[in-house]
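See structure below.
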Amino acid sequence: MKDDIIRIRWHGRGGQGAITAAKIVANAAFASGYEGVVMAPTFGTERRGAPVLTSLKIAKKKIYDLSPITRPDMVIVLDHLLLDEVDVASGAVPGGLVIINSPLGPDAYCFKGARTATADVTSISEAAGLPSGIVNTGIIGAFARASGLIGMEPLSLAIEKEFAGKHPEKNINAALRTYDQTIVGDLLNG
Amino acid sequence: MHIIDSGNTAAANGVKLARAEVIAAYPITPQTPLTEKLSEFVDGGEMDAQYIPVESEHSALAVCIAASSAGARAFTATSANGLLYMSEQVHWAAGARLPIVMCVVNRGIGAPWTVWNDHQDAISQRDSGWIQIYCCDHQQIIDTVIQAFKLAETVSIPVMVCYDGYILSHTYMPFEIPDKGRVDAFLPRISPEYRLDPENPVNLNTVTLPDIRLDIHGKTAPGYMEIRHNLHTDLRSSISVVEEIDAGFKKNFGRGGNPLIEPYRCDDAEFVAICLGSLSYQLRLAVDKLRNDGIPVGVAGIRLYRPFPDQAVREAFSSKKRLIVIEKALSYGNQGALCGDIRAALYAATGSRPDISNYIIGIGGREIQTNMLVDLLEKACTGTEKPGTEAEWIGLRM
C-alpha cells in the first residue's frame, strides 16, 4: 500500500548487532522529527551466526502497521557473504537502495531496478580502533551517506547514547570514516 | 521523557513507577525481557523491591499471593503455558481478592509448541475472576500498568494487563515515561484494609461451608456462594471504576479517554470491525483504505475484556449494520470467545441488531499483512448475504 513510511530492512548474522544498529537509526530518526519509528526484529528464532533480519520503519506520523517489511525501500547488509544465503533484495521497491558491507565496489553487484552502495565497513571499523568484526556502527555511516535520510550529527549523538561508557568515540569514528568511504553506484535498469 | 524501546521495557518501567514491592516471576518467551529488566532495576537499586526468583509460574503467583496477603504491592508476568501452569493460583488470587497485577504477554498455547503470538492464553483465563485489559501500543502498556495497580487496589480484584507477544513485546517504538512525582501522587503507596499481621493471627480462605454461619465473634459470616457473588458484583461495578481511574489519569497525564472500547472512525460507520490488542491499530490502516473507496467502516478495540462492558457494547454497536469480529483465539468447538460475548451483549439490545460475522486470524503468530485485512473487511462489508454462524479462518493454507 502506498503511504509515507520509509521501510528499511537490515540483514545480518545473529550477534552481529543489526538490532542495535537499527535502534540507533531509530533514535536518530526520532530526534530528527520522525514521530513514527518502529523497529521489529524477526521473532523467535535468533541464533548466533545465523542470518537474521530486522525491520525498521520511519515516518513523520505514528505508525500503526507493525507487520514485517515485505517491500523495502532500503536494504542494509552487514555481511556481504549473506548474499550467498539470503535473497536480500527480495521485494525491494523499484528505485530502492541496497547498502552492503563489502570489500568490493557497487559495480560488483547487480540488483536490477535498485542502486547499490558499498563500503568496506569491516576494514574501516578496525582502522577506527574497534575490535575485528564490529561493523554495526560503521554501517550507519554507509546508511547516512547512501540514503541522505538522516545526518551524521543526530546519528553520532544516538551512537554516543547507545554506547555510553563503551567507547562511543571509536564507534562514532567508524561511522564517520565509513560515511566518507562509501561508494554509491548508479541505478540499474530493471 | 520519550524513549524508544520494547513493549516489555515499557511494562517494566510502568512496574517501576508503580513502586511494586514484591516481584516474583519465572522467565518464559516472550515475557522474559520484562522480568530481566525488573531484576536489573532491583539489582541496580533503581527499585526498592524484593525480586524473588522462583522455580515455576505456580510458585511465582503463590509468592505474589503471600506478599499481597501481607499487604505488599505485588507483580508478576507470564505467557502461554506459564499462565496455564499458574492457573490454580490465578483463580485463587481472584477468590482471595488480592490486588495483584500481572502482565500476560500473549502467546499461543502448546501443543504443538509455539512461541508466537495469539490470545488463547489470556482468553483461557477469562472466567477466573480477574480483570483483563488489552493494550495496543507501548504507551498503553506503560500507562495501563500504572493504572492497573490503582484499579486492583481500589476494587480488591487482581488485574491482567495483556499485550501481544513479539508484535508489541519485542518491537521498539517511542513512548513517554510519565513523570515520577506525578505517578507518586496518582498512585499512592498501598494501604490495604486487611493484611496478615503476626500480632493478630487469622485464617484466610479456609474451607467455607455451603451455607452461611456465625463467625468467632458471633456475627453472620458469608458462605462460599456469598463470597463468590461478591466477587462477581464487584467485578461488574468495577467497569465504572475503570472509567473513573482513566479520567483521573487523563487529567494528570493527558492520555486515555477510551478505557472500555477504543473506537476509530466508528461514529458514522455502518460496519465496525471489533478485536482485542494491537490488531485494532493495524485495522485502522485497512479502515482508512476502505474509507477512501467510500465504504463506511470503522474499527473498535475492546480494551476492557473482563468485566465485559456489555452496556457500552450495546450503546456503541446495536445500531450498526454489520459487526466484523476478528479474533486471535476461540472457544474451541464453538466460536471466537469475543464474538460470543458480543453476540450475547447485543441479544439484550432493544430494537435492531447488527449482523455479526466472525473471523479467526493470526493463530500461533501466522503473519497478518495489512492487505489481508483490507480484503477481509472489503468482503465482509460488501457481502450481500447474511453472515453464517461459523467462524471463518483467515490465512489458512490447507
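The values are calculated or read from the model by the stated rules, or taken from the named source; none is laboratory data. The shown structure was predicted, so the numbers you read here are calculated from the model rather than taken from an experiment. All Cβ positions, even for glycine, are placed from backbone atoms using ideal geometry, and neighbour counts span all protein chains on display. Ligands, DNA and RNA are stripped out before the accessible areas are found, and what is left, the full protein with its side chains, is counted by its heavy atoms. Shrake-Rupley method; radii C 1.70, N 1.55, O 1.52, S 1.80 Å.
Scanning the stretch A:64-91 for residues that are open to solvent by 30 Å² or more (accessible area, probe 1.4 Å) and touching a Gly at 6+ places or on another chain (Cβ under 9 Å) yields a total of 4. Looking at the structure I just gave you, is A:Ile140 assigned to a helix (DSSP H, G or I), aliphatic (A, V, I, L, M) and closer than 15 Å to A:Ala22 by Cα? Spelling it out, A:Ile140 is indeed assigned to a helix (DSSP H, G or I), aliphatic (A, V, I, L, M) and closer than 15 Å to A:Ala22 by Cα.
Restricting attention to the stretch A:64-85 and to residues that are under 17 Å from A:Ala40 (Cβ atoms) and charged (D, E, K, R), the residue that is nearest to the other protein chains (Cβ to nearest Cβ) turns out to be A:Asp65.
The C-beta contact set for the stretch B:238-249 (first residue without any contact (Cβ under 8 Å) to a residue 12 or more places away in the chain, second residue charged (D, E, K, R) and surrounded by 18 or more Cβ atoms within 10 Å (Cβ to Cβ), distance under 7 angstrom, 6+ apart or interchain) is empty.
For the stretch B:338-374, the set of residues classified as crowded, with 17+ Cβ neighbours inside 10 Å, of a type in the set (D, E, K, R) and within 14 Å of chain A (Cβ to nearest Cβ) consists of B:Arg366 only.
Is it the case that A:Ala18 is closer than 26 Å to B:Arg107 by Cα, at pLDDT below 95, crowded, with 21+ Cβ neighbours inside 10 Å and more than 10 Å from every other protein chain (Cβ to nearest Cβ)? Criteria met by A:Ala18. Scanning the stretch A:152-159 finds no residues that are among the small types (Gly, Ala, Ser), in contact with a strand residue (DSSP E or B) (Cβ under 6 Å, 6 or more places away or on another chain), under 18 Å from A:Ala18 (Cα atoms) and in a helix (DSSP H, G or I).
Regarding B:Asp118, is this residue closer than 26 Å to B:Glu327 by Cβ, in a loop (DSSP other than H, G, I, E, B) and within 14 Å of another protein chain (Cβ to nearest Cβ)? Yes; evaluated as a whole, the condition is true for this residue. Take A:Gly12 and tell me if it is open to solvent by less than 10 Å² (accessible area, probe 1.4 Å), more than 8 Å from chain B (Cβ to nearest Cβ), farther than 19 Å from A:Gly141 by Cβ and out of contact with any His (no Cβ under 8 Å at 6 or more places or on another chain). The answer is no for A:Gly12.
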